[in-house]
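Engineer: There's a structure below that I have some questions on.
We did not get these values from a lab; they are worked out from the coordinates using the rules stated. Remember, it's a predicted structure, so these values are computed and weren't measured experimentally. Because the Cβ atoms are built from the backbone with ideal geometry, glycine has one as well, and the counts that use them run over all protein chains shown.
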Amino acid sequence: MQFVITIQHPAHVHFFRHVIASLETDGHDVHVFARDKDIAIDLLDQYDIEHTVLAGKANSLTGLARVQATYEARLLHEAMRIRPDVMTAIGGVAVSHVAPLVGARSVVWIDNEGAQSHRLTTPLAHMVCTPRRFRDDFGANHVRYDGYHELAYLHPNRFAPDPDRLREYGVIPDEPYFLVRFRQWSALHDVGQNGFSREAKRDLISFLSDHGEVYVTSESTLPEEFAAYRLPVPPHLVHDLLAFANLYVGDSATMATEAAVLGTPAVRAQSFAGEDDMTNFLELAEYGLLYSTSDDRDAVEQAKRLVRDADPETFERRRERLIDDKIDVAGYVTDVLVRTGQGQVLHNKG
């Protein structure tokens, strides 16, 4: 069968890379199309995933709309040439629009409730797949499963952190260190949202640096005052770094979830956190693996408490309970795509 997979964010590379390998091993043709966003292209190159870049970066809301239009037009052109059986993506705006025009089925993967872009996607998608407790209901074509996007690449079946890979870059896994993430807030679903203020960043990094090494990763250019804390490892080793960290703090939803499923104490500051937060974060809080807040000052104080009091064994037990409750998502994604291409009707994964 012919599969088209689109990539618009670095996390999408991780989500699909094991799926791509499995499909190709089974003899299917996989065509990967990407938008140049953050380090997505670097990761595709690192994992030797053959791909075609359809559109570049955007620095404004107007620019984002223009890039999206270009992306969809070029994707349509490529899909008309390939005539795929299945087109799939995270979010899936372009895929849901293009697939019906070329006679393909579309499978979109969504884990963020309330995004306005869903209105452009879900009515046209052949199938919408979400985590089990996802709040929104997309109707008869909505399939739920027991997992998170991040378990497509961080489930123990797919990932085992290696301390030696870190030592090659001067990181000592057995000594205290902390990973901090600052994001750019430029995506379509980020409009009107925010994370850490400059003052909160200064307070956080000042405190953490008194208790161990601090490594900062940022979507935008890192300010000069934080340059000394620049990430020491290449992007494809960030999950090894995260797995051995004593604490993660940041305003990235993806990395907060990655930390939580790895059993690393995690603090997330995003303006939309709260009682109506995305269900993934509410569930991870119930497991005791993630603390989320809309107040960046509160996030800094919680980080300080965890540095002083967090017990690694407690977090490892919580992580084990989580893994026992969830599935190997990459295997599930692969199965869904193949069965969709065969025209099978899928049901919710128990």
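Engineer: Nearest 10 degrees is fine. How inclined is helix 61-82 to the longest principal axis of the chain, computing both from alpha carbons?
Structural biologist: 40
Engineer: Work out from phi, with θ = phi - 60° and the Karplus expression 6.51 cos²θ - 1.76 cosθ + 1.60, the ³J(HN,Hα) of each residue of region 120-135, listed in order in whole Hz, and give x for Gly and Pro.
Structural biologist: Working through the residues one at a time gives 8, 10, 5, x, 9, 6, 5, 8, 10, 10, 9, x, 3, 8, 3, 6 Hz.
Engineer: Assuming R0 = 41 Å, can you tell me the calculated FRET efficiency for the pair Arg198 and Asp29, based on Cβ-Cβ distance, to the nearest 0.05?
Structural biologist: Taking R0 as 41 Å, the efficiency between Arg198 and Asp29 is 0.30.
Engineer: I'm a student and want to see the number: the projected area of the Cα convex hull of the chain, averaged over all directions, in nm². Walk me through the numbers before you get to the answer.
Structural biologist: Values: hull surface 66.0 nm².
Taking a quarter of the hull surface, the average projection is 16.5 nm².
Engineer: In addition: When a/c reaches 1.5 or more, the comparison of a/b and b/c decides; with that in mind, is region 202-350 rounded, prolate or oblate per its Cα gyration tensor?
Structural biologist: Note, shape of region 202-350 comes out prolate.
Engineer: Can you figure out the FRET efficiency of His77 with Val53, using R₀ = 22 Å and their beta-carbon distance, to the nearest 0.05?
Structural biologist: The calculated FRET efficiency here is 0.95.
Engineer: Follow-up question, since we're still on this one. What residues qualify as long-range amide H neighbours of Val214, i.e. H under 5 Å apart, gap of 5 or more or another chain, H built at 1.01 Å from N?
Structural biologist: For Val214, the qualifying residues are Phe178.
Engineer: Find how many whole Å separate the alpha carbon centroid of region 93-125 from the alpha carbon centroid of region 223-301.
Structural biologist: Computed from Cα coordinates, the inter-centre distance equals 28 Å.
Engineer: Follow-up. Output the 0 to 90 degree angle, nearest 10, between the alpha-carbon long axis of helix 10-25 and the longest principal axis computed from the alpha carbons of the chain.
Structural biologist: The answer is roughly 50 degrees.
Engineer: Still on this model: What are the ³J(HN,Hα) values, in whole Hz, obtained from phi via the Karplus relation 6.51 cos²θ - 1.76 cosθ + 1.60 with θ = phi - 60°, for each residue of region 3-8 in sequence order, with x given for Gly and Pro?
Structural biologist: Working through the residues one at a time gives 10, 10, 10, 10, 10, 10 Hz.
Engineer: How much net charge surrounds Glu225 when only the other residues with a Cβ under 10 Å from the Cβ of Glu225 are counted, with Lys and Arg +1 and Asp and Glu -1?
Structural biologist: My count for the surroundings of Glu225 gives +2.
Engineer: Related question: Quick one: which residues, 5+ away or cross-chain, put their amide H under 5 Å from the amide H of Glu113? H built at 1.01 Å from N.
Structural biologist: Excluding prolines and chain starts, which carry no amide H, the hits are Thr279.
Engineer: While we're here: Name the shape class, rounded, prolate or oblate, that the alpha-carbon gyration tensor gives for region 227-271, where a ≥ b ≥ c are the square roots of its eigenvalues, rounded holds for a/c under 1.5, and otherwise prolate holds if a/b is larger than b/c and oblate otherwise.
Structural biologist: In terms of gyration-tensor shape, oblate.
Engineer: Still on this model: Which FRET efficiency value, to the nearest 0.05, do you get for Asp298 and Ala21 by plugging their Cβ-Cβ distance into 1/(1 + (r/R0)^6) with R0 = 56 Å?
Structural biologist: After rounding, the FRET efficiency stands at 0.85.
Engineer: For the Cα atoms of the chain, what angle does the longest principal axis make with the long axis of helix 312-325, in degrees from 0 to 90, nearest 10?
Structural biologist: The two axes meet at around 20 degrees.
Engineer: List the trypsin sites (Lys or Arg not before Pro) within region 131-164 that DSSP assigns to loop and that have no more than 16 neighbouring Cβ atoms inside 10 Å.
Structural biologist: Arg133, Arg135, Arg158
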